[in-house]
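This report refers to the structure that appears directly beneath it.
The values are calculated or read from the model by the stated rules, or taken from the named source; none is laboratory data. For clarity, every value in this text was computed on a predicted model and none was experimentally measured. Ideal geometry is used to build each Cβ from the backbone, glycine not excepted, and the neighbour counts take in all protein chains shown.
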């Protein structure tokens, strides 16, 4: 397993031989070679021969799938402020390990990403290591839910979207004004839906298991009410909204209805919510303590159905690194969140391809093309002329996921101990091999 | 080396084991009737009473139980302050481990903490109550009290009344009583019940009057104001009207029915002062003090079991 | 465990009970001051038989207690027996002549424990010991006052006592471990 020096400026030309290319845009799979020159895809066809053998590095992709690099639209990098949990560089290595070539990072850092210089800081960091990071700015100052941020200026500085992730804007009027104003700039709002009156003090899904385990519940009403509110606000304001990490059956239903009515809405779910139900909580393992909580099997099946029928547009990791001492304590005291960059593809493949029989093209769309489109960024496609962001994957591999395998600085993964399918063989970012694993 | 005998919940015990345990407890109750109430059974054993949450009854009950069996018991009180999350608790566990001890009795205000704790210590751990989750020794002493009174447990009608949502006693009792084939009904207002209580496998009522003249055992829970993080119940007056046991209701109880409460009773909330004051005259019916003395025998038996 | 030989049958046991009854009466000059305490489990039915035999001879009522010695064992660090039988001595033992009854006398440790337990109930005038079988190998300075049968054994043998009350037959046999 190898990571390239992220800061090196060396460019090399690449040729990927004999892989199966997946193009989510056309939902096609075909065998072809791909030639990458100067960081861009210059040719896709069978049996490409090249003259200058020395200057082109060859990748043998026989038996492997060549996909657009994955796009994770919900990541917590923890920099600035909590670098002991993760920083930009360690987070990027973790993303590379997961075949991810572009990430959107959330603003709940210390200080909060609510000013132009911090957005620029992240962009500079990303450029230094030749990686695609799209910072999401806070909707309200310091995520306090009280004062609206400088949406216009932040967009100019490079904010890809706006989110008060971690809590959500509780004040409906403020959210409404944010949407109305954001509309002037065609801003995208990534909404964490949680009604604090329902969730405060809660630890896990309110239901059969919370009752049994004596753990305070968080009713799915906490999410559903806010989803409904924001659909209404979007309808009136016309703002472009994306509901992140949806967890409940009712939310899926509400969003499906809103889409049918033409509301400008998209949504994602996380690997945890499509993979687990709340029966996993019986051992009080704090790695399953996430927000929104892992819900019932009924909800999980609705999430799967939403992915299948297109109601849910994307899968994100909600990569949330935490120190061991924030997880190796009682369930009540433990922090919410699981890391997920490295398992985004594997968990999706395991559950959706092998169990639920969704097509590989569909799954790749959910973690590349669709999030790229939602964020309105480059990516999600393999076509001549575009920048080479590529993940080369092996779908036949199968392993128990262990804590020792984790690249991220934090080890709090819900997937530890799970049998997962799939492996990333190469991650190519902006024409450079960032990670290889043979 | 045998697996250490943690007693975290009663889930692992079969009906036969529970029955056997009830019989065995008699042998320990006998010691308490002697002039010299002490046997050398656990001489030289060190037991740590680790309470992360204030408690008087359970702590003292375990202390007496250990001393009646000649074990050395050390009280270790600590507040689970989370100034710097995690650190204090991990350090406490390390401290406890480095003291020579044979068994740890532990109480903590967080559900499931005991499971985490038991994984990190090499000696048997006895759960003296974790959050809203389990209180297995209370459930056993409750069962023993009922067993002493009725002998045949099957199909006994028991009503558990009060704050089910926040009660570990209720959770442990419900599981144990169900296991023993008793007919369990819980009585609570909607906000003091979990939204989905199907895991309890019990019947349900909202009002004490629905069960008062039918139950063989009336089990009143303490209104756990200290454990209610979300307070939605309107008032004591409202509680008295629909859920409390007053004299008029006491008189409606079946002739052979008994009244129980895990203590301490909030006089005038779950049970009226009037009813509490007639306990000494109605020992056949009001078993609240019997529960306390039975608790010592049950805990003796449990300590002996855990160390054998 | 494999049976090697039968040592006592039902008739033998009955004869022994009768003989010991007489010995007790003779030594204590009657039955006025004696009480019986049987050690759980098989000492209890043996004590009951002797007691009833004496009662039938002298038509006086004699008290019988049951004693479980689990709580007094000296080997708790190696093993604590987890099944405990009931102890029942609901009468005054102070000043009494206690006839302590057990089935087999071996190392003497059970009897040591029983004597400690009895002392916690009060100060008897004397304690006399009845055993059905004395198989030798004492580890403590203890001897029986009344012995049904002396049975020299080796340490890899085991004496199995069965009684009607507990095992549905009266029989003592010697077994290989």
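For region C:113-126, the set of residues classified as in a helix (DSSP H, G or I), away from every other protein chain (no Cβ under 12 Å) and either surrounded by fewer than 18 Cβ atoms within 10 Å (Cβ to Cβ) or free of Cβ contacts under 8 Å to residues at least 24 places away in the same chain (or both) consists of C:115 only. Among residues of region A:383-405 being more than 19 Å from the chain's Cα centre (by Cα), assigned to a loop (DSSP other than H, G, I, E, B) and touching a residue at least 60 places away in the same chain (Cβ under 8 Å), the one that is nearest to residue A:323 (Cα to Cα) is A:388. Within region B:252-259, is there a residue that is modelled with pLDDT of 95 or more and within 22 Å of residue B:56 (Cβ to Cβ)? Looking for residues that are modelled with pLDDT of 95 or more and within 22 Å of residue B:56 (Cβ to Cβ), one finds at least one in region B:252-259, hence yes.
Residue by residue through region C:127-141, note down the ones that are more than 23 Å from residue C:33 (Cα to Cα) and either touching a strand residue (DSSP E or B) at 6+ places or on another chain (Cβ under 7 Å) or surrounded by 15 or more Cβ atoms within 10 Å (Cβ to Cβ) (or both). Answer for region C:127-141, where residues must be more than 23 Å from residue C:33 (Cα to Cα) and either touching a strand residue (DSSP E or B) at 6+ places or on another chain (Cβ under 7 Å) or surrounded by 15 or more Cβ atoms within 10 Å (Cβ to Cβ) (or both): C:133, C:134, C:135, C:138. Of all positions in region A:198-217, none carries a residue that is more than 14 Å from chain B (Cβ to nearest Cβ) and either in contact with a helix residue (DSSP H, G or I) (Cβ under 6 Å, 6 or more places away or on another chain) or not in a helix (DSSP H, G or I) (or both). Of all the residues in region A:128-159, those that are part of a helix (DSSP H, G or I) and modelled with pLDDT of 95 or more number 10. A single entry from A:125, A:43, A:29 fulfils the requirement of being touching a strand residue (DSSP E or B) at 6+ places or on another chain (Cβ under 8 Å), more than 28 Å from residue A:315 (Cβ to Cβ) and touching a residue at least 40 places away in the same chain (Cβ under 8 Å): A:43.
Assess whether residue A:408 counts as being on the phi < 0 side of the Ramachandran plot, surrounded by 24 or more Cβ atoms within 10 Å (Cβ to Cβ) and touching a residue at least 40 places away in the same chain (Cβ under 8 Å). So residue A:408 does not fit the description; no.
Criterion applied to C:103, C:116, C:120 was being within 26 Å of residue C:158 (Cβ to Cβ) and more than 15 Å from the chain's Cα centre (by Cα), and the one residue passing it is C:116.
Residue by residue, here is whether (1) within 23 Å of residue C:171 (Cβ to Cβ); (2) in a loop (DSSP other than H, G, I, E, B); (3) touching a residue at least 12 places away in the same chain (Cβ under 8 Å); (4) out of contact with any helix residue (DSSP H, G or I) (no Cβ under 6 Å at 6 or more places or on another chain) holds:
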{"residue": "C:3", "(1), (2), (3), (4)": "yes, no, yes, yes"}
{"residue": "C:24", "(1), (2), (3), (4)": "no, no, yes, yes"}
{"residue": "C:35", "(1), (2), (3), (4)": "no, no, yes, yes"}
{"residue": "C:38", "(1), (2), (3), (4)": "yes, no, yes, no"}
{"residue": "C:46", "(1), (2), (3), (4)": "yes, no, yes, yes"}
{"residue": "C:57", "(1), (2), (3), (4)": "no, no, yes, yes"}
{"residue": "C:84", "(1), (2), (3), (4)": "no, yes, yes, no"}
{"residue": "C:91", "(1), (2), (3), (4)": "no, yes, yes, yes"}
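In region A:420-437, is there at least one residue being without any contact (Cβ under 8 Å) to a residue 60 or more places away in the chain and either more than 16 Å from the chain's Cα centre (by Cα) or not assigned by TED's automatic domain parsing to the domain that holds residue A:85 (or both)? No: region A:420-437 contains no residue that is without any contact (Cβ under 8 Å) to a residue 60 or more places away in the chain and either more than 16 Å from the chain's Cα centre (by Cα) or not assigned by TED's automatic domain parsing to the domain that holds residue A:85 (or both). Somewhere in region A:177-189, is a residue surrounded by fewer than 24 Cβ atoms within 10 Å (Cβ to Cβ) and closer than 30 Å to residue B:167 by Cβ? Checked region A:177-189: no residue is surrounded by fewer than 24 Cβ atoms within 10 Å (Cβ to Cβ) and closer than 30 Å to residue B:167 by Cβ. Looking across B:127, B:120, one residue alone is closer than 20 Å to residue B:299 by Cα, touching a residue at least 24 places away in the same chain (Cβ under 8 Å) and outside the structural domain of residue B:253 (by TED's automatic domain parsing). It is B:127. If the condition is being under 30 Å from residue B:43 (Cβ atoms) and part of a loop (DSSP other than H, G, I, E, B), then region B:256-308 contributes B:307, B:308. One residue is enough: does region A:249-271 have a residue meeting the conditions within 22 Å of residue A:98 (Cα to Cα), in a loop (DSSP other than H, G, I, E, B), touching a helix residue (DSSP H, G or I) at 6+ places or on another chain (Cβ under 8 Å) and in the same structural domain as residue A:166 (by TED's automatic domain parsing)? For region A:249-271, residues within 22 Å of residue A:98 (Cα to Cα), in a loop (DSSP other than H, G, I, E, B), touching a helix residue (DSSP H, G or I) at 6+ places or on another chain (Cβ under 8 Å) and in the same structural domain as residue A:166 (by TED's automatic domain parsing): absent. The criterion of at least 1 residues that are within 14 Å of another protein chain (Cβ to nearest Cβ) and over 27 Å from residue A:108 (Cα atoms) is met by the following helices (runs of 4 or more DSSP H) wholly inside region A:282-372: A:297-309.
Would you confirm, using the coordinates I've provided, whether residue B:170 is closer than 30 Å to residue B:103 by Cα and either within 14 Å of chain A (Cβ to nearest Cβ) or part of a loop (DSSP other than H, G, I, E, B) (or both)? Spelling it out, residue B:170 is indeed closer than 30 Å to residue B:103 by Cα and either within 14 Å of chain A (Cβ to nearest Cβ) or part of a loop (DSSP other than H, G, I, E, B) (or both). Please go through region B:148-164 and pick out each residue that is touching a residue at least 40 places away in the same chain (Cβ under 8 Å) and either out of contact with any strand residue (DSSP E or B) (no Cβ under 7 Å at 6 or more places or on another chain) or in a strand (DSSP E or B) (or both). Result: B:148, B:150, B:157, B:158, B:159, B:160, B:161, B:163.
Exactly one residue out of C:12, C:68, C:83, C:74 is within 30 Å of residue B:46 (Cα to Cα) and either away from every other protein chain (no Cβ under 14 Å) or touching a strand residue (DSSP E or B) at 6+ places or on another chain (Cβ under 9 Å) (or both), and it is C:68.
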